[in-house]
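Right, one structure below, let's go through it.
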Amino acid sequence: MNLLNESVIDDPADDQLPAASVELRRRAIRATRLLIAQSGLDVSMDQIAAAAGVGRRSLFRHFKSRDALVGEALDSAFRWYESQLDAAMPVNGTLDEWLHSVLRRTHQTHLDAGRGLWRLASAFDDELPPEFNAANKRRRAMRRRVTQGLADRAWKAAGGSGDTPEPLVDAMLIVVSSFTTHSMIIDRRRSLESLVRASVAVLLAVIGTALAEHPCRTGAPG
């Protein structure tokens, strides 16, 4: 799964555009994703036009500015990312197997996203152009939804009942963070599988502690 190099989920507003315009926008957004992954957020319209195989003037007819295009590319990527994790939400197999699968997918996506994601995730709001800042706020909201959903699924699959314990939500937030990916694989030079195993171990330990501390919240495994 590659956050910046997969099929584009169209903006609903594109339904009002001619087919040729929709296709040009798709090509531009896909090319922008690739460039962001390779070079970060400082890509130019000339680079995007060359990568998309379209004219620079055509880009400006469909996007009001470079920042607007990059912001749309980021939004498109995050919509696709959330749709993929939504599809992976149902727990198949054992809890351990499901956690391995979901976390492997998540951390690999962070690696595939490249430089752009690191810069966006680590930036303060006042360091970003308005279009990037807006996309980043939507990314944070999406991350909160995904994290809560994964924690809820893990808790129910473990046999927990009632509200998901906050320590589990917090632990899930930590293990699915792009900063965790960077720290373990880039800084610590651990393998992807090593990171996944450590992440699963952390979550299972937190779940086990929560079940032990609150036996009344234990129900039939979901």
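General observations
- Student exercise, the range 88-217 dipole from Lys, Arg, Asp, Glu Cβ charges, in Debye to nearest 20: 300
- Long-range tail of P(r) for the range 94-222 (Cα pairs > 21 Å, %): 45
- Per-peptide packing, taken as the mean over residues of other Cβ atoms within 10 Å, places 125-133, 59-67, 195-203 in the sequence 195-203, 59-67, 125-133 from highest down.
- Annotation: Cα Rg of the range 56-130 relative to the compact-globule expectation 2.2 N^0.38 Å equals 1.46.
- Computed log₁₀ I(q)/I(0) - Debye formula, equal Cα scatterers, no solvent, the range 172-211, q 0.14, 0.23, 0.28 Å⁻¹: -0.31, -0.71, -0.91
- All-pairs alpha carbon distance profile, the chain, 10 Å steps from 0, percent: 8, 31, 30, 19, 10, 3, 0
- Tilt relative to the chain, helix 95-113 - C-alpha long axis, 0 to 90 degrees, to 10: 20
- For R190, the residues whose modelled amide H falls within less than 5 Å of its own, excluding neighbours fewer than 5 places apart on the same chain, are I185.
- q = 0.12, 0.27, 0.29 Å⁻¹: log10 I(q)/I(0) that the Debye formula gives for the range 12-67, counting C-alpha atoms only: -0.25, -1.12, -1.23
- Acute angle (nearest 10 degrees) that the helix 19-39 long axis makes with the longest principal axis of the chain, alpha-carbon atoms: 60
- Theoretical ellipticity at 222 nm over the chain - DSSP helices of four or more residues, -39500 (n - 2.57) apiece, nearest 500: -22000 deg cm²/dmol
- Mean-position separation - Cα centroids, the range 43-103 and the range 113-180, in angstrom: 16
Each reported figure results from applying straightforward, stated rules to the coordinates on display, with no laboratory input. These figures come from a predicted structure and were not determined experimentally. Don't worry about glycine lacking a Cβ; one is built from the backbone with ideal geometry, like all the others, and counts go over all protein chains shown.
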